[in-house]
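The values are calculated or read from the model by the stated rules, or taken from the named source; none is laboratory data. All values reported here derive from a predicted model rather than from experimental measurement. We place every Cβ from the backbone using ideal geometry, glycine too, and count neighbours over all the protein chains shown.
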Amino acid sequence: MTSLFAPSAEKYASRVVPAIVSPDLDDGTGLMIGSKGQAIVASQVATPQRAADIVAASVRLVRRVVSQAV
């Protein structure tokens, strides 16, 4: 079933390997590469503060649900 949606290993390698060995990667850190060999850039809204806000909201929600269950 996966082969219907995913490229063959050879096709995947032909797309990704050139991106991985590119000298353009020497200056960057943490770069992600998609299945077609294209760089995946970080979201501008995915900040540490946004992550902290999501975690805090999640903790509040879990506490509320647990307190109602007791």
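Taking the criterion of being farther than 14 Å from Gln38 by Cβ and either part of a helix (DSSP H, G or I) or of a type outside the set (A, V, I, L, M, F, W, C) (or both), the residues of segment 5-20 that qualify are Phe5, Ser8, Ala9, Glu10, Lys11, Ala13. Of all residues in segment 24-70, those that are modelled with pLDDT of 80 or more and touching a Gly at 6+ places or on another chain (Cβ under 9 Å) total 1. Can you confirm whether Ile33 is in contact with a helix residue (DSSP H, G or I) (Cβ under 9 Å, 6 or more places away or on another chain) and either at positive phi or without any contact (Cβ under 8 Å) to a residue 40 or more places away in the chain (or both)? For Ile33, the condition - in contact with a helix residue (DSSP H, G or I) (Cβ under 9 Å, 6 or more places away or on another chain) and either at positive phi or without any contact (Cβ under 8 Å) to a residue 40 or more places away in the chain (or both) - is met.
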